[in-house]
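Let me begin by presenting the structure, written as structure tokens, before commenting on it.
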Amino acid sequence: MRIGLFRMFIFLITAAMFQSTHAAAQTSLAVAAATANRIEEDWSVVVSSYDTDGVGPQITTSMSPVSDNSTPFVAFDLNYREYPDFIAGGMQTQVWSGANLAGYATQGTSQLQNNNETITWTQRMTLGSGSVTYLVLNGSSQSFGQFGQTYGLSPVSFPTSVTSFAGYSPATSIKNSGASWESNLVTSMTLTQVRYYSGSTLLATDSTQYSVNLNP
């Protein structure tokens, strides 16, 4: 009986410590977001197979400075381009203000062509002088090669009334990302790390592995 009570005591203490640590970590990230003027998300997508004729899979991530629709956001399409006309292959970033397309940038024409392929990249959002700038960095995959700003994908910007990233949440990125076509060909989509910066100073790192639900 005493052993059972002791184990229960240890369990309760451990649970309380975990909750306290988790709460402190979330508070630290919230403070970092409110202070940051730059946020970077690292993404990894694993594709099990591909469909050249069907242009699949079609993959999209989303990033927004806030968790609601009060300001424009950016979508990043992989393996297809939607505007001004649908075209197979390549990639495209799009700025959306409500239901209106406010701008876009494209790169490449290649389609996915390898089984069990991993695609990785960093997407960065910077806030300053009444505008938000979004760009893709350090992109790499077998099918697309190296991609991002250095390799031809231009940044996109939009005006905003937002004055801080206090409303940013990785959960919003996850909720609005996925494979819109042939999701059965995608093994996983994961936001592997989020970093918060003030200028060149790293304020905080969130290494939680956020996984996209590919079959919502």
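Dipole size of the chain about its Cα centre, with +1 on Lys/Arg Cβ and -1 on Asp/Glu Cβ: approximately 840 debye, rounded to the nearest 20. A crude spin-label estimate for the pair Thr208 and Thr150, with each label 7 Å from Cα along the Cβ direction, gives 3.0 nm.
Rounding to the nearest 20 debye, state how big the charge dipole of the range 75-190 is about its Cα centre with +1 on each Lys and Arg Cβ and -1 on each Asp and Glu Cβ.
My answer is approximately 280 debye.
Set Lys and Arg Cβ to +1 and Asp and Glu Cβ to -1, take the dipole of the range 36-211 about its Cα centre, and tell me which of Trp181, Tyr83, Tyr196 lies farthest positive. Positive-most Cα among the choices belongs to Tyr196. Highest mobility in the GNM of the chain, judged by mean-square fluctuation with C-alpha springs under 10 Å and restricted to Pro65, Pro84, Pro170, is found for Pro84. Under the classification rounded if a/c is under 1.5, otherwise prolate if a/b is larger than b/c and oblate if not, where does the chain fall, given a ≥ b ≥ c as square roots of the Cα gyration tensor eigenvalues? Verdict is oblate for the chain.
Read the figures in this text as sums done on the coordinates, not as results from a lab. Not measured: the values here are computed from a predicted model. All Cβ positions, even for glycine, are placed from backbone atoms using ideal geometry, and neighbour counts span all protein chains on display.
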